[in-house]
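Engineer: Next up is a structure, given as structure tokens.
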Amino acid sequence: MTDKLIIAGREYDSRLIIGTGKYKSYAQNAEAAEAAGAEMVTVALRRVNLSNPDEDRLQDHVSPETYTYLPNTAGCFTADEAVRTLRLAREAGGWDLVKLEVLSDQKTLYPDMEETLSAAKALIADGFQVMVYCSDDPVYAKKLEEAGCCAIMPLGSLIGSGLGIQNPLNIRLIVENARVPVIVDAGVGTASDAAMAMELGCDGVLMNTAIAEAKDPVRMAKAMKHAVIAGREAYLAGRMGRKRYADPSSPLAGLI
Amino acid sequence: MQVFVNGDPLELKDGARVSDLVAQLTDDPRGIAIELNREIVPKSKHGETSLTEGDRLEVVQFVGGG
């Protein structure tokens, strides 16, 4: 396969990145990651539970040897918090590839772009490779790319909403302007949303809730794998033109 | 002496180092990061970093997230 996703110099065959939150168990999470064919997973950083420090650990099920861990900054509402979190993540794992997200409020979890840009600059100056969750604003997307982010990850719709891609025009504008991978992050609800993101020319899709909260998460993970592949293939194949009227598929000549 | 780990008070023997705290918390320190008074203590320095009364530590690890 020659159609690789290249992020910060690393090559991936899979264009589907999955989260590791909200699953019934880490075991189910591991099964879903395998069904999705994912090679990269997002992870969060939290305090060790001191009353039970040896409780079930993510890394024992979804191994960082098998999957690229992409530490996130979920729950951070300022640039300072996000930078602090990712420095700890780098110490915990030893990786400098990270997912930056700086959120504005609990109700929408909408990205605060001013804080996001400021955090991105600080992290890049500190040697991080930053994949950045952002609004679908083409202007900010460009600023983040110019600041040195290695992937631009606009929302399709709000985190965990499952409302799909609400502004395909903006996603397309971001794709056309970007020279780094564009990955739709957040909002995907079902397989057609993932296919749509890929048909718009995105380089990948990142999702968590669409798989974790499906009635059968492992089966949905498989569906998403197919959707991302189908959408990518359709984009590369180039869709037919849209016409207002019918155009028969069978020849008119030779009709009896 | 008393230090604060993840916001909660914890008694440690006088002169304890970061490595003593880690050993007390877990047998498997892979994937853990430690901050002492808001400065990261790299794993290579756990054995030589002494703790003092009232120190504030954060002990974190990777968990599932989106």
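The values are calculated or read from the model by the stated rules, or taken from the named source; none is laboratory data. Remember, predicted model here, so these are calculated numbers, not experimental data. Reconstructed Cβ throughout: ideal geometry from the backbone, glycine too, with neighbour counts over all protein chains shown. With ligands, DNA and RNA removed, areas are computed over all heavy atoms of the protein, side chains included. Shrake-Rupley method; radii C 1.70, N 1.55, O 1.52, S 1.80 Å.
Engineer: Give the A-B buried accessible area in Å², both sides summed, 1.4 Å probe, nearest 100.
Structural biologist: Values: alone 13550 and 4670 Å², together 15560 Å².
That pair hides around 2700 Å² of surface in total.
Engineer: Another one. Kindly provide the chymotrypsin sites (Phe, Trp or Tyr not before Pro) of region A:85-158 that DSSP labels as loop, not H, G, I, E or B, and whose Cβ sees at most 16 other Cβ atoms within 10 Å. Working shown, then result.
Structural biologist: Numbers: sites: A:Trp95, A:Phe128, A:Tyr133, A:Tyr140; in loops: A:Trp95, A:Phe128.
Sites meeting the loop and neighbour criteria: A:Trp95.
Engineer: Using a Gaussian network model of chain A with C-alpha springs under 10 Å, which one of A:Gly204, A:Gly37, A:Gly93 is most mobile by mean-square fluctuation?
Structural biologist: Top of the fluctuation ranking is A:Gly93.
Engineer: Also, quick follow-up: Could you work out which residue, out of A:Ala79, A:Ala237, A:Ala214, moves most in a Gaussian network model of chain A, that is, has the largest mean-square fluctuation with Cα springs under 10 Å?
Structural biologist: Maximum among the listed residues: A:Ala237.
Engineer: Name the trypsin sites (Lys or Arg not before Pro) in region A:22-104 that are in a loop by DSSP and that have at most 10 other C-beta atoms within 10 Å, would you? Could the numbers behind the result be given before it?
Structural biologist: Working: sites: A:Lys22, A:Lys24, A:Arg46, A:Arg47, A:Arg57, A:Arg84, A:Arg87, A:Arg90, A:Lys99; in loops: A:Lys22, A:Lys24, A:Arg57.
Filter output for region A:22-104: A:Lys24.
Engineer: Can you tell which of B:Phe4, B:Val22, B:Thr52 lies farthest toward the positive end of the dipole of region B:2-61, using +1 and -1 charges on the Cβ of basic and acidic side chains (Lys, Arg; Asp, Glu)?
Structural biologist: It is B:Val22.
Engineer: Keeping the other protein chains in place, figure out the carbon and sulfur percent of the accessible area of chain A, with a 1.4 Å probe. Walk me through the numbers before you get to the answer.
Structural biologist: Numbers: 6150 of 12250 Å².
In chain A, the share of accessible area belonging to carbon and sulfur is 50 percent.
Engineer: Here's something else I'd like to know. Say we join alpha carbon atoms closer than 10 Å with springs in a Gaussian network model of chain A; which of A:Asp126, A:Asp136, A:Asp193 then has the biggest fluctuation?
Structural biologist: A:Asp126
Engineer: Please report the relative contact order for chain A, taking Cα pairs under 8 Å with a sequence separation of at least 6, and give it as a percent rounded to a whole number. Walk me through the numbers before you get to the answer.
Structural biologist: Details: 494 pairs, mean separation 46.7, N = 256.
Across chain A, relative contact order equals 18 percent.
Engineer: Can you compute the helix-only [θ] at 222 nm over chain B? Use -39500 (n - 2.57) per DSSP H run of at least 4 residues, normalise by all residues, nearest 500 deg cm²/dmol.
Structural biologist: Working: 1 runs with 8 residues, N = 66.
About -3000 deg cm²/dmol.
Engineer: With +1 on each Lys and Arg Cβ and -1 on each Asp and Glu Cβ, how big is the dipole of the protein assembly as shown about its Cα centre, in debye rounded to the nearest 20?
Structural biologist: 1200
Engineer: Take the solvent-accessible surface of the protein heavy atoms, probe 1.4 Å, and return the percent of it on region B:2-61 that carbon and sulfur atoms account for. Don't skip to the end; give the middle numbers.
Structural biologist: Working: 1520 of 3180 Å².
Whole-percent figure for carbon plus sulfur exposure: 48.
Engineer: Along region A:177-187, what does the Karplus equation 6.51 cos²θ - 1.76 cosθ + 1.60 (θ = phi - 60°) give for ³J(HN,Hα), rounded to whole Hz, x for Gly and Pro?
Structural biologist: In residue order, the calculated couplings are 8, 8, 10, 10, x, 10, 10, 6, 10, 5, x Hz.
Engineer: Please list A:His61, A:His226 from largest to smallest accessible area, probe radius 1.4 Å, with all protein chains kept in place.
Structural biologist: Values: A:His61 70, A:His226 105 Å².
From most accessible down to least: A:His226, A:His61.
Engineer: Next up: Under 25 Å Cα to Cα from A:Lys22, which lysines show up? Leave out anything in the same chain fewer than 8 places away.
Structural biologist: A:Lys99, A:Lys107, A:Lys215, A:Lys222, A:Lys225
Engineer: So what does A:Ser118 come to for accessible area, using a 1.4 Å probe and Å² rounded to 10?
Structural biologist: Result for A:Ser118: roughly 60 Å² accessible.
Engineer: Oh, and also: Please list, in chain and number order, the residues 5+ apart from A:Thr42 or on another chain whose amide H is under 5 Å from its amide H, with Hs placed from the backbone.
Structural biologist: For A:Thr42, the qualifying residues are A:Ile18, A:Gly19, A:Thr20, A:Leu70.
Engineer: If Rh is defined by the Kirkwood formula over all Cα pairs and Rg also comes from Cα, what ratio Rg/Rh do you get for region A:1-123?
Structural biologist: Working: Rg = 15.3 Å, Rh = 15.7 Å.
My calculation puts Rg/Rh at 0.98.
Engineer: Using C-alpha positions alone, give me the convex hull volume of region B:2-61 per residue in cubic angstrom. Could you put the intermediate results ahead of the total?
Structural biologist: Working: hull volume 4.4 nm³, N = 60.
For region B:2-61, the hull spanned by Cα atoms encloses 74 Å³ per residue.
Engineer: While we're here: Straight-line reach from B:Lys13: which lysines have a Cα under 22 Å away, not including same-chain ones fewer than 8 places off?
Structural biologist: The qualifying lysines are B:Lys43, B:Lys45.
Engineer: Residues of chain B: accessible area per residue at 1.4 Å, in Å²? Show your work: numbers first, answer last.
Structural biologist: On the way: 3310 Å² over 66 residues.
Accessible area per residue, chain B: 50 Å².
Engineer: Now for a separate question. How large is the dipole of region B:2-61 about the Cα centre if only Lys and Arg carry +1 and Asp and Glu carry -1, each at its Cβ, rounded to the nearest 20 debye? Provide the component values of the computation, followed by the final result.
Structural biologist: Values: 7 positive and 12 negative charges, 44 e Å.
Value, rounded to 20: 220 debye.
Engineer: Here's another thing I want to ask about it. Antiparallel as a % of all DSSP beta bridges within the protein assembly as shown, to the nearest 5?
Structural biologist: Within the protein assembly as shown, antiparallel bridges account for around 50 percent of the total.
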